[in-house]
Amino acid sequence: MKFQAIKGVRDILPPESALWNRVEQTAREVFGTFGFAEIRLPIFEQTDLFARSVGQETDIVSKEMYSFEDRDETSISLRPEATASVVRAYIQHGMQTLPGNVKLHYMGPMFRRERPQKGRYRQFYQIGAEVLGASDAPGIDAEVIEMLMTLFERLKLKGAVLNINSIGDKNCRPAYVEKLRAELVKVREQLGEDSKRRIETNPLRVLDSKLEQEQGIIEKLPRIAEHLCENCREHYAEVKRQLGLRGIVYQENWRLVRGLDYYMRTTFEITAPGLGSQNAVCGGGRYDGLVELLGGPATTKGIGFAIGTDRLVLSLQEAGEDAAQDGPAGKAAGPDVYLAWFGAAAQSAAIGLAKRLRDAGFVVELPAVEMKFGKSLGLADRLGSRHAVIVGDDELAAGIVTVKRLSDGAQQKVGEQELFSYLRTAQNPGI
């Protein structure tokens with residue numbers, strides 16, 4: 001029997017995995033400068049956590065979750081998203097007693113049984129962050145967005161576009177939703193099956209439709225900006241002002257409503273080229289009522305986002321970004337050094353030298369068995385090594401090594417300290 005990965009999941013192989021490492025490490029570094037600390041969450045939770053937070057009528061809960069009955073007959077689901085888990089942890093561990101806003105970030109796999117397509121998998125990965133606390137100040141929204149744009153700039157993501165909107169709150173959104181529903185009922189027979197169903201379950205989701213036949217209809221629907229209450233209008237205006245203070249360019253998109261029930265007021269999405277029609281790499285927004293909904297303090301506000309890591313990596317690849325950037329976490333090329341040794345005494349010396357090179361941060365390939373000279377250097381070349389360092393009886397007797405630059409064959413004999421200096425200069429030629 002030939003085993004293969006299940007449909008909708010995949011293996012992430014080298015050298016692509018090096019680019020993933022670079023993305024994740026850069027996220028940790030950028031988020032850390034904004035005061036966010038990492039939280040590591042369980043892969044599965046009680047099904048009711050997601051049903052209550054995400055929404056029983058959403059496609060995620062009703063169609064896409066991987067749910068099963070545990071041995072104690074508890075219904076368990078693999079997490080389809082992580083915000084609910086972060087809020088559950090916040091409540092469970094009494095984090096509301098911590099000073100100031102609680103800033104948390106996470107990364108890892110999520111699970112939804114969707115139709116696999118470019119950049120979309122059944123096991124997919126997200127990098128996300130949440131801010132939980134007593135304040136709903138628009139400056140928090142703007143700073144979260146600033147952090148995202150800083151990350152994408154650091155990753156050299158080209159063509160990223162920020163879209164923002166406000167979807168109101170419990171005081172103004174229900175009336176808008178009913179007005180939207182009434183208008184959709186009038187054109188029901190012109191809509192696709194998904195939109196027909198959403199008229200009853202979640203009319204806002206119709207605005208997300210990508211069906212060509214529905215675009216002209218949607219453009220004529222009432223817009224939520226015209227139905228915001230005074231508090232929501234003021235909040236949205238201040239978010240835009242705060243973005244301006246930070247020099248952040250944005251587009252207003254009245255159709256940006258987010259698909260999950262817990263969102264309110266600020267919503268945002270970042271798109272990138274190279275992904276086709278499903279071009280969003282990140283989405284997020286404010287969810288001030290979610291903590292209370294899950295049994296926490298009613299005064300706790302929240303805002304967060306999730307980056308689709310699969311899509312982000314794909315967009316970077318489409319733009320020509322490879323992993324061989326920004327230090328060891330991003331190395332995609334072969335070893336810095338292939339250590340070719342010849343003779344038993346040379347093996348002992350090579351083992352010691354390999355350790356000292358690795359301690360200094362160099363990537364070293366040390367063959368486990370002795371090979372003939374030509375075969376050994378041929379393997380170094382096939383591995384993509386930058387340099388071959390040769391240790392044999394002659395080198396041992398003279399207290400030196402031979403270093404060969406494999407790109408052009410240039411070689412020289414150097415002492416160990418000279419070797420380290422040579423390799424550092426080759427790594428950082430501008431220094």
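The values are calculated or read from the model by the stated rules, or taken from the named source; none is laboratory data. Just so it is clear, the model here is predicted, and its values are computed rather than measured. Counting neighbours? That spans all protein chains shown, and the Cβs are built from the backbone with ideal geometry, glycine included.
Can you pull out the residues in the range 1-27 that are over 25 Å from residue 112 (Cβ atoms) and either in a loop (DSSP other than H, G, I, E, B) or not polar (S, T, N, Q) (or both)? The answer is 1, 2, 14, 15, 18, 22. Of the residues making up the range 340-376, those that are outside any helix (DSSP H, G or I), among the small types (Gly, Ala, Ser) and surrounded by 13 or more Cβ atoms within 10 Å (Cβ to Cβ) are 340, 343. Scanning the range 150-174 for residues that are at pLDDT 90 or above and assigned to a helix (DSSP H, G or I) yields 150, 151, 152, 153, 154.
Among residues that are in the same structural domain as residue 313 (by TED's automatic domain parsing) and in contact with a Phe, Trp or Tyr (Cβ under 9 Å, 6 or more places away or on another chain), residue 250 is included. Does the range 13-22 contain at least one residue that is over 20 Å from residue 109 (Cβ atoms) and acidic (Asp, Glu)? No, that holds for no residue. Of the helices (runs of 4 or more DSSP H) lying entirely inside the range 211-312, those containing at least 1 residues that are at pLDDT below 85 and of a type outside the set (Phe, Trp, Tyr) span 212-219. If you go through the range 151-197 and keep only what is in contact with a Ser or Thr (Cβ under 8 Å, 6 or more places away or on another chain) and closer than 17 Å to residue 284 by Cβ, you end up with 151, 157, 160, 161, 163, 164, 165, 166, 167.
Exactly one residue out of 211, 290, 207, 256 is assigned by TED's automatic domain parsing to the domain that holds residue 128 and within 30 Å of residue 190 (Cβ to Cβ), and it is 256. Number of residues in the range 175-190 that are in a helix (DSSP H, G or I) and either of a type in the set (A, V, I, L, M) or surrounded by 20 or more Cβ atoms within 10 Å (Cβ to Cβ) (or both) equals 7.
Within the range 234-243, is there a residue that is exposed (fewer than 13 other Cβ atoms within 10 Å of the Cβ), over 27 Å from residue 281 (Cα atoms) and outside the structural domain of residue 142 (by TED's automatic domain parsing)? No. Collect the residues in the range 406-430 that are of a type in the set (Lys, Arg) and within 16 Å of residue 364 (Cβ to Cβ), keeping them in residue-number order. Scanning the range 406-430 gives a single hit, 424. The conditions of being in the same structural domain as residue 338 (by TED's automatic domain parsing), out of contact with any Ser or Thr (no Cβ under 9 Å at 6 or more places or on another chain) and basic (Lys, Arg) are met by residue 404. Which of the residues that make up the range 18-57 are of a type in the set (Gly, Ala, Ser) and surrounded by 14 or more Cβ atoms within 10 Å (Cβ to Cβ)? Answer for the range 18-57, where residues must be of a type in the set (Gly, Ala, Ser) and surrounded by 14 or more Cβ atoms within 10 Å (Cβ to Cβ): 18, 27, 51, 53, 55.
Of all the listed residues (94, 108, 100), the sole one being under 19 Å from the mean Cα position of the chain (by Cα), on the phi > 0 side of the Ramachandran plot and in the same structural domain as residue 288 (by TED's automatic domain parsing) is 108. Whenever a residue of the range 202-225 is without any contact (Cβ under 8 Å) to a residue 40 or more places away in the chain and over 19 Å from residue 283 (Cβ atoms), its partners that are surrounded by fewer than 16 Cβ atoms within 10 Å (Cβ to Cβ) and among the small types (Gly, Ala, Ser), lying with C-beta atoms within less than 8 angstrom and at least six residues away or across chains, give the pairs 211/192; 213/192; 214/192. When restricted to residues that are closer than 19 Å to residue 304 by Cα and of a type in the set (Ser, Thr, Tyr), the range 39-90 contains 4.
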